[in-house]
Amino acid sequence: MSVFGKFPRTFWVANVIELFERWAWYGFFMLFANYLTGSSDAGGLEFTQEQKGWLMGVGTGILYFLPVLTGAIADRYGYRKVLFLAFLIYVSAFLLLPQFSTFTGVFLMYLYLAVGAALFKPVISATIAKTTTDATASIGFGIFYMMVNIGAFFGPLVTLLFKGTSSLIFYVSAGIISLNFILLLFYKEPGRIENTKSTERLFETFAGIFRNMGSILKDVKFIVFLLIVAGFWTMYNQLFFTLPVFISQWVDTSVLYDFFQAHFPFISHNYSPASGVMDPEFVTNIDALYIILFQVMVSSVVMKMKPLRSMMSGFLVCAVGMSLTLAFQNVLFTMIAILVFSLGEMAGSPKITEYIGRIAPVDKKALYMGYSFIPVFLGNVLAGIISGSVYQQMSDKMMIVRKYVEEKGLSIPEGLSNNAYFDEAARQSGMSPHELTDFLWNTYHPSQIWMVLMVVGVGAAFALFVYDRVTSRSES
């Protein structure tokens, strides 16, 4: 316990701030895909999957691109000031987002929210780095990532309690992030040198950042590694972009509902949109629970493995797990597949940062770590394409049922919500909605999208294998 006493107060304040920020972010983000594409009579916006993919992919991608600039802003004007601005943007964005229902309006508001997140990320990470030493960094960042996952787990569980009114999801997140204004009163600037030079110097800093980007691009080994890792993030982001929608549209969650109804009725009552159905986000959220339970164990197993070997194994296991989540209608198989995916995630993801730290030149470690955003940025954009246009063509339930209606020559009135349209198609076909879902599953094979993710994941693992062989040979 003595090691915990070595952390200054700001370290603990920053960790609680991170907890509430992740709580607020995942509280809405886990539900965001179904909010964008869900039926209007259930509070959804009925955007197409392609629109959802562009919005979430590009918007979230920009969130991970901007910190290379926002970090410089924080260094120039002070961490507390930037954190205050970030929280102000967060709160206003959460309050304004549900007021927009057009694609353009929601897209612009999501980009506004992304700016707040981009201001927050480099500051909180730098705070943890500056409030730990070589002796405490390992346990310090371990505590930090534990806070991330606790927030990621509890956030959706809280907001799902208010899903009856879609706007409440965002208002709850606004309330949670507002708690950080109070914590900011106890936040002390962690050893930043006050800079009183003119604003013009900030633009010089930006110019230097882009010059550094040019030097980074000359390191072919580093760039190839980042491009390979983008494949992992492309696959990982399907957990938020695609899986909640897929579960909502295709997976039979009745066995899970029956279990909770018999043994834990509070859960079946609060995390069920209808009798016999569990909230898809509740199912997807089990990934965060797995990480909380097993991260220490997995880390202890892979800690002695070389980073590239651990990443290869992790990427391959992730590919199998994420692919299997989209291959079955049975929710128990889905939960097992999420466990497989999470084990791969725990083995591979932490090693990415470790490897970048190892290959970076001694005098450029901070610079290289700063550009580790590139694969996350690319992964979000590519994930948006897969969860958007690819999913829409291969697996989207509404696209498939409309194709079925056209093929059968059924006459469905215009202006119906998605749910009403599907129910009417089932009625005219002499089937229940559940029977029509099974018929479409067996006839049009929407599960085949699992092959796309398998190719991405296995391709990334194989590319990393080749990369390891080539770089090992060049270093020997």
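Values as computed for the structure displayed
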| read-out | value |
| --- | --- |
| Some residue of region 327-336 being open to solvent by less than 10 Å² (accessible area, probe 1.4 Å) and either under 22 Å from Pro446 (Cα atoms) or part of a helix (DSSP H, G or I) (or both) | yes |
| Residues of region 419-449 satisfying the condition of being part of a helix (DSSP H, G or I), surrounded by fewer than 16 Cβ atoms within 10 Å (Cβ to Cβ) and more than 33 Å from the chain's Cα centre (by Cα) | Arg427, Gln428 |
| Residue list for region 83-105, restricted to those being aromatic (Phe, Trp, Tyr) and surrounded by fewer than 18 Cβ atoms within 10 Å (Cβ to Cβ) | Phe84, Phe100, Phe103 |
| Some residue of region 16-29 being under 30 Å from Leu183 (Cα atoms), surrounded by fewer than 22 Cβ atoms within 10 Å (Cβ to Cβ) and not aromatic (Phe, Trp, Tyr) | yes |
| Some residue of region 48-56 being under 22 Å from Ile176 (Cβ atoms), surrounded by 17 or more Cβ atoms within 10 Å (Cβ to Cβ) and touching a helix residue (DSSP H, G or I) at 6+ places or on another chain (Cβ under 8 Å) | yes |
| Leu453 vs. criteria under 13 Å from Thr242 (Cβ atoms), open to solvent by 70 Å² or more (accessible area, probe 1.4 Å) and in contact (Cβ under 8 Å) with a residue 40 or more places away in the chain | no |
| 1 or more residues open to solvent by 20 Å² or more (accessible area, probe 1.4 Å) and of a type in the set (S, T, N, Q): qualifying helices (runs of 4 or more DSSP H) within region 258-325 | 265-270, 286-302, 307-325 |
| Matching residues, region 368-418, being of a type in the set (Asp, Glu) and open to solvent by 40 Å² or more (accessible area, probe 1.4 Å) | Glu406, Glu407, Glu414 |
| Test set (1) modelled with pLDDT of 90 or more; (2) of a type outside the set (Gly, Ala, Ser); (3) within 26 Å of the chain's Cα centre (by Cα) - Met297 fails condition number | (1) |
| Spans of helices (runs of 4 or more DSSP H) in region 1-117 with at least 1 residues under 16 Å from the mean Cα position of the chain (by Cα) and of a type in the set (Phe, Trp, Tyr) | 9-37, 49-65 |
| Among (1) open to solvent by 60 Å² or more (accessible area, probe 1.4 Å); (2) free of Cβ contacts under 8 Å to residues at least 24 places away in the same chain; (3) more than 30 Å from Gly38 (Cα to Cα) - the single one Gly357 does not satisfy | (1) |
| Residue among Arg76, Arg80 that alone is open to solvent by 80 Å² or more (accessible area, probe 1.4 Å) and of a type in the set (D, E, K, R) | Arg80 |
| Filter result (open to solvent by less than 40 Å² (accessible area, probe 1.4 Å) and modelled with pLDDT under 70) within region 170-205 | Arg192, Leu202 |
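The values are calculated or read from the model by the stated rules, or taken from the named source; none is laboratory data. Model, not experiment: these values are computed from the prediction. Note that we place each Cβ from the backbone using ideal geometry, even for glycine, and neighbour counts take in every protein chain shown. With ligands, DNA and RNA removed, areas are computed over all heavy atoms of the protein, side chains included. Shrake-Rupley method; radii C 1.70, N 1.55, O 1.52, S 1.80 Å.
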